[in-house]
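Enquirer: The structure's right below; bear with me while I get my questions together.
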């Protein structure tokens, strides 16, 4: 069996050892020569699995994307051609949750006086990444609510469909897939009218898909002044982003919110094991088998309970300003954007908070640090 895979999906040679021949591609799309006799194709969100690509792969039986989103894959066409598909829902959710937490902590650091329980947070989209972000902010005491009309329509109780409540929230964080059809399309969900309603005391975060926010309309809004604080990890028309928008953002990164090592390797394990299952081969590796161990000294909860100490720990382990600075210097061109994503922290991969053991002295501390994503341990 010939497996063609994006070279930036980690650990595949280990997980798929003995499953077939692995051929890697380094650009956005594999070559026609590679696809000509491919049985399986493993991609990331940068590869469009469309009619043009599939016509070059007459023997293709299986496609998988190491991502939550699937808008880059023509699913009806795969079904029509009898090609199986898998993806990795939830694999990088904790990584995205930590990204949003870091953005919010940075925003708070510039506010002279605040009471966390009076800050209203609208999580737009209650899927894996939305809930991961929401539970972390709830753990710190924010007033979090989830806007998700599709789930609301299904009768899910913890979500709502009140758009005006979103637009008046202090913090708005986007976590929806990009859709054009159905009752609740999300492309340009934040269009000119919605963006004009935002003010300078608000924070707008997008860690979902770039086109959820109309970037040109956002630029028109921010040049008027009195703009909200803005953190964008995703951009419309990536990698051909709107560079004029970047100077008006407070945090700008090249679609790396989900790029922790745990998130990337977790996605690889999910799609590789799906491939093995499809071809009726045994799966022999789980995430713990291929993820490098990390040794962080155990901490007492008391060392992280003050806002200052917690913020200091977070910055030490995920300094989002390093990513912001690199993006502003190198990421505004097509090639620069792709290069930053492709080579993101290769020498020193970002690790998730779950690697930090925190000793807790009561159930309240234990629950809080679990919700924040740490490996909490309660002692009597």
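The values are calculated or read from the model by the stated rules, or taken from the named source; none is laboratory data. In this text the structure is predicted, and so the values were computed from the model without any measurement. As a convention, Cβ positions derive from the backbone with ideal geometry for all residues, glycine included, and neighbour counts pool all protein chains shown.
Enquirer: Which of the helices (runs of 4 or more DSSP H) found entirely inside the stretch 188-303 contain at least 3 residues meeting this: touching a residue at least 40 places away in the same chain (Cβ under 8 Å)? Give the derivation first.
Expert: Details: elements: 192-196, 215-222, 261-278, 287-290.
Fully inside the stretch 188-303 and qualifying: 261-278.
Enquirer: Kindly check whether there is at least one residue in the stretch 208-223 that is in contact with a strand residue (DSSP E or B) (Cβ under 7 Å, 6 or more places away or on another chain) and under 27 Å from residue 349 (Cβ atoms).
Expert: Yes, the conditions are met somewhere in the stretch 208-223.
Enquirer: Let me ask another. Just to check your reading of the model, which residue among 114, 147 is assigned by TED's automatic domain parsing to the domain that holds residue 232, in contact with a helix residue (DSSP H, G or I) (Cβ under 9 Å, 6 or more places away or on another chain) and buried (at least 23 other Cβ atoms within 10 Å of the Cβ)?
Expert: 147
Enquirer: On to the next question. Could you count how many residues in the stretch 360-380 are loosely packed, with under 14 Cβ neighbours inside 10 Å, part of a helix (DSSP H, G or I) and either in contact with a strand residue (DSSP E or B) (Cβ under 9 Å, 6 or more places away or on another chain) or in contact (Cβ under 8 Å) with a residue 60 or more places away in the chain (or both)?
Expert: Count: 1.
Enquirer: I'd like the full set of residues that are out of contact with any strand residue (DSSP E or B) (no Cβ under 9 Å at 6 or more places or on another chain) and surrounded by 14 or more Cβ atoms within 10 Å (Cβ to Cβ), limited to the stretch 160-191.
Expert: Those that are out of contact with any strand residue (DSSP E or B) (no Cβ under 9 Å at 6 or more places or on another chain) and surrounded by 14 or more Cβ atoms within 10 Å (Cβ to Cβ): 177, 178, 179, 184, 187.
Enquirer: Which residues, taken from the stretch 328-345, are part of a helix (DSSP H, G or I) and within 16 Å of residue 246 (Cα to Cα)? Show your work before the answer.
Expert: The first filter runs over the stretch 328-345 and keeps only residues part of a helix (DSSP H, G or I), leaving 328-330, 334-342.
328, 329, 330, 334, 336, 337, 340 - these are the residues of the stretch 328-345 that are part of a helix (DSSP H, G or I) and within 16 Å of residue 246 (Cα to Cα).
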